[in-house]
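> Sharing a structure with you now.
Bear in mind these aren't lab numbers, they're just calculated from the coordinates by the rules spelled out. None of these values were measured; they are calculated from a predicted model. Neighbour counts are summed over all protein chains in view; Cβ atoms, including those assigned to glycine, are modelled from backbone coordinates with ideal geometry.
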Amino acid sequence: MTISSLLKEKYPELSPGKRLVADYINENMDIVAYCTASSIAEQLGVSNAQIVKFIKSLGFSSYKDMQNAIRKEVEERVSLSGSLQKWRQDELGDMKENAWKIIKQDMENIQATFQNTSFSALEEVADHIVKAKHVGFVASRTGIGCNMIPSIFFNEMRDNVVLLTPGVNNSHDILKWWGSDDILLGVSAFSYGKGFAVEMLEYARKRGCKTVWFTDSESFMQTPLKEFDYVFQYQTRSAMLSLTSLIALYNVLNYLVANRLTHSLEDITKSEEMLFHPWLNHPIGSDREP
């Protein structure tokens, strides 16, 4: 069991003081992996004895044992290089067998995600998307690739979708014109409730927009205390496998939106006809007119 899973399991049983320590470890795992117990106590304003009691409550015999577990997770799960290293070790075995292990993990991630997802909440989000004046998707890094899938799909039907990414456009300038008629969907994995997507969601919420947050379940001990309208946690076990269950959520959302728009099939068909129209594939400079 990873330290994140252990924290999540034990969290409801912890006292407020121990939850303070748990929150700090969960949000600063890369720091705790190499700092001393006394530095954590100093940072939180608690005694060393309280840190020791917390460690015991998790079942560790010493701070060093807990720290080793944290280091292992940081290196093997959160770190992309750690995941790659493990995969390269697996190459010593049969490649086809290893590939099936990945597929099996993806299937388990998807199943675990939908077991803990409110379908009625997804339907409500679909209703908001259909009615919205503007629909925005916001993310950075790998989340951008996932967001492109629903943004392209919805644009086929609505033509009112904006893809917000850091360094490409001024997201604040776009969102400052949005309000209660608009909806923003954001993705942030392993963020611990921080980062570009969360910042944009919080800004949109202040503007009165509907806000939807997609985040991985492994980073949190409980549903994040964020004042977003909807929070969906997708399952992931590895940085290399963190996208599959999120895309599955988006696929269901695509389906729900398409079924709410009676003209969606007609619009998508027209787009496909344009893509495969003969004149588009005719050599440049020909005398054929579109």
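> Taking the highest mean first, how do the peptides 15-23, 134-142 order by number of other beta carbon atoms within 10 angstrom per residue? Present the calculation step by step, with values, prior to reporting the outcome.
Working: 15-23: 16.2, 134-142: 22.3.
Result, highest mean Cβ count within 10 Å first: 134-142, 15-23.
> So which GluC sites (Glu not before Pro) in the range 101-168 end up in coil per DSSP with only 14 or fewer other C-beta atoms within 10 Å? Walk me through the numbers on the way to the answer.
Details: sites: Glu108, Glu123, Glu124, Glu156; in loops: none.
Sparse-neighbourhood loop GluC sites (Glu not before Pro): none present.
> At 7 Å along the Cα-to-beta-carbon direction for both Ile31 and Asp65, put a label point, then send me their distance in nm to one decimal.
Distance between the two pseudo-spin positions: 2.6 nm.
> Here is a further query. Ranked by Cβ crowding within 10 angstrom, fewest neighbours first, how are Trp213, Trp178 ordered? Working shown, then result.
Details: Trp213 24, Trp178 20.
With the fewest neighbours first, Trp213, Trp178 line up as Trp178, Trp213.
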